[in-house]
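Take a look at the structure below.
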Amino acid sequence: ATRSMIGAANALVITNNSGTPTTQIDVDAADSFLINSSGNGIRTGTVNLTINAATTGANGLDTGALGNNTWYYVYIISNGTTTAGLLSTSATAPTMPSGYTYKYCVGAVTTLGAATFIRFLQKGNRTQYVVVSGSTTPNLPTIQSQTGSSTGSISVPTWVAASVSSFVPPTAISIDLIARVNGDGASGGLIAAPNNAYGPLSSGTNPPPVSMSHTYRSNVYANFVLESSNIYWARAGDGDDFGGIFCQGWVDAVNAN
């Protein structure tokens, strides 16, 4: 039996262009391997590209204009001689420029409400939000947060779904989280998990992956393999007690290192 080849990228780095970070993306790699519709491949050698989302075609959008709150997939493409970049809203079937037949999707980036890219850095298959003062990403995106009253129950438990579809692409296989509590009540706390079958804060047999008491101020880092487009959380607190979950980044389903 014949097996089709798969694409790949080596020493991949994708990030905002330093001069025009809101509409341009830089893509660098030591090497990449692209595939055409027949399953045949081509090796590109060194990749050093800037994709300008204000244009269409090679090194631009595949079609249309940059949209608001939209996930775009980053491709390395080739016509057999020239290597270029491409952004598309499709994770599998971009509209290819004339003559370009080889492609591989190497990552994803989202826009915000003003059709501007978040600040991000991808190395291999791991992407991290980059906090830059005064930019489109002045802080880590907040998945859920609350001051004062409770959400669900950390003792029953009663889990509350929190969508992550605005924070990681549909192709993400896991999500990087930071959970934060800030309070002075020993009875308060926060729990989080990839599904709603985990036990309460006090469980010694089925503990939630994130389990925090309101002991003044503390942070917990977690990585969840995504089981759906939601994660789950609950929080107990009162007064000025704070609890929140923030997205630090994700791991994408791309063959890259």
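The values are calculated or read from the model by the stated rules, or taken from the named source; none is laboratory data. Keep in mind that what you see is a predicted model, and the values were worked out from it rather than measured. So basically every Cβ, Gly included, is an ideal-geometry build from the backbone, and we count neighbours across all protein chains shown. All accessible areas refer to the heavy atoms of the entire protein, side chains included, with ligands and DNA or RNA removed. Shrake-Rupley method; radii C 1.70, N 1.55, O 1.52, S 1.80 Å.
Can you work out the Karplus-derived ³J(HN,Hα) for every residue in region 101-107? Use 6.51 cos²θ - 1.76 cosθ + 1.60 with θ = phi - 60°, whole Hz, and x for glycine or proline.
3J(HN,Hα) across region 101-107, in whole Hz: 10, 9, 7, 7, 7, 10, x.
How large is the accessible surface per residue of region 19-172, computed with a 1.4 Å probe and reported in Å² as a whole number?
In whole numbers, region 19-172 has 43 Å² accessible per residue.
Classify region 131-257: rounded, prolate or oblate, from the alpha-carbon gyration tensor (a ≥ b ≥ c, eigenvalue square roots; a/c under 1.5 rounded; otherwise prolate if a/b is larger than b/c)?
oblate
State the percentage of accessible surface on the chain attributable to carbon and sulfur atoms; use a 1.4 Å probe and exclude ligands, DNA and RNA.
Of the solvent-accessible surface of the chain, carbon and sulfur hold 48 percent.
Subtracting the Cα-Cα distance from 0.36 nm times the residue separation, let me have the gained length for Ser18 to Val220 in nm, one decimal.
69.6 nm
Contour minus end-to-end for Asn79 and Asn48, with contour as 0.36 nm per residue of separation and end-to-end as the Cα-Cα distance?
9.6 nm
From the Cα gyration tensor of region 37-105, with a ≥ b ≥ c the square roots of its eigenvalues, which class applies: rounded if a/c is under 1.5, or else prolate if a/b is larger than b/c, or else oblate?
Prolate shape, in that a/c is at least 1.5 and a/b is the bigger ratio.
Once the cut-off is 25 Å, how many percent of the Cα-Cα pairs in region 60-190 end up in the long-distance tail?
When every Cα pair of region 60-190 is considered, 42 percent fall beyond 25 Å.
Working from the pairwise distances between different alpha carbons, so that the mean of 1/r is found and then inverted, what is region 192-257's Kirkwood radius in Å?
Every distinct Cα pair counted, the radius reaches 13.9 Å.
Based on the Kirkwood radius over alpha-carbon pairs, what value in µm²/s does the Stokes-Einstein equation return for the translational diffusion coefficient of region 135-196 at 25 °C and 0.890 mPa s?
So the translational diffusion coefficient is about 177 µm²/s.
When Lys and Arg each count +1 and Asp and Glu each count -1, what net charge do the other residues less than 15 Å away from Val168, Cβ to Cβ, add up to?
Value of the local net charge: -2.
Report, to one decimal in Å, the Kirkwood hydrodynamic radius for region 9-66 based on all distinct Cα pairs.
Value: 12.5 Å, from the Cα pair sum.
According to the square roots a ≥ b ≥ c of the eigenvalues of the Cα gyration tensor, what is the shape class of region 111-161, taking rounded for a/c under 1.5, prolate for a/b larger than b/c otherwise, and oblate for the remainder?
Cα axes put region 111-161 in the prolate bin.
Might you work out the accessible area of Tyr129 for me, using a 1.4 Å probe with all protein chains in place, and round it to the nearest 10 Å²?
Near enough 10 Å² of accessible area.
Taking amide H atoms as placed 1.01 Å from N in the peptide plane, list the residues 5 or more away in sequence, or in a different chain, whose amide H sits under 5 Å from that of Leu61.
Under 5 Å from the amide H of Leu61: Thr55, Thr56, Leu87.
Limiting things to C-alpha atoms, what are the Rg and the maximum Cα-Cα separation (Dmax) for the chain, in angstroms?
20.9, 66
Checking a compactness column here: for region 18-137, what do you get for Rg(Cα) / (2.2 N^0.38 Å), N being the number of residues?
That works out to 1.03 for region 18-137.
5 Å is the cut-off here: which amide hydrogens, built 1.01 Å from N in the peptide plane, fall below it relative to Asp176, excluding neighbours closer than 5 in sequence?
Under 5 Å from the amide H of Asp176 lie the amide H atoms of Gln248, Gly249, Trp250, Val251, each far enough along the sequence or on another chain.
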